[in-house]
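Laboratory data are not the source of any read-out in this text; all were calculated from the coordinates shown. Here the structure is a predicted model, which means the values were calculated and not measured. Note that each Cβ is placed from the backbone with ideal geometry, even for glycine, and that neighbours are counted across all protein chains shown.
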Amino acid sequence: MNNKFDFQFFCISLRFQLFLYAKIVLKMIRYFCEDIKFEFKNKLLNNRWLKFVASSEVRKLQNINIIFCSDNYILDVNMKYLQHDYFTDIITFDYCEGNSLSGDLFISIDSVRDNAAFYGTDFSDELNRVIVHGILHLIGYDDHTDEEQKIMRSKEDYYLSLRPVVCGIAK
């Protein structure tokens, strides 16, 4: 009798673990570095915030790859895939289907540092702005016209203002 109970508990526990694994692995945000040494801290808090952003815009996060790189690396990506011969802080590749967000965000840490210094803001605040900018592109916001840039900046400011609350951190 005791062995049967233990086996049933084991099966239930195993199913629950598999469920959690599938939920985490199949729908996740992954972080990578290309050609630079950079440690992104508070990934779990950042993931919570980005899930909040997505759900607030009636979207679901699926597979998001955030790739931190140098100016030279992002320039190569920009030239190779977009035929743009200039530096940028972020390039977003959109693989979304319906309301499910999937994509690659290439972020130049060099440009983020330069922008933070230029705008007189904290590096981590500027990095979060660039990350949410990429997520907003995946959601469908654009920034080609002055009006689109105004909307994009407003959304960035809004979600950045909520980040400490969503993440449970004091600002």
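When DSSP beta bridges are limited to those with both residues in region 17-171, what percentage is antiparallel, rounded to the nearest 5?
Beta bridges within region 17-171, antiparallel portion: roughly 30 percent.
With θ set to phi - 60° and the Karplus curve 6.51 cos²θ - 1.76 cosθ + 1.60, what are the ³J(HN,Hα) couplings of region 145-159 in order, to the nearest whole Hz, using x for Gly and Pro?
9, 4, 5, 5, 5, 5, 5, 4, 4, 4, 5, 4, 4, 4, 6
Find the relative contact order for region 27-167 and round it to a whole percent, using C-alpha pairs within less than 8 Å whose residues are 6+ positions apart.
23
Quick check on my link table: of Lys51/Lys80; Lys43/Lys150; Lys51/Lys155, which ones sit more than 24 Å apart, alpha carbon to alpha carbon?
From Lys51/Lys80; Lys43/Lys150; Lys51/Lys155, over 24 Å: Lys51/Lys80; Lys43/Lys150.
Between region 54-102 and region 107-171, how far is it from one alpha carbon centroid to the other, in angstrom?
Region 54-102 and region 107-171 have Cα centres separated by 14 Å.
Under a Cβ-only charge scheme (Lys and Arg +1, Asp and Glu -1), can you give me the dipole magnitude of region 27-167 about the Cα centre, in debye to the nearest 20?
That gives a dipole near 880 debye.
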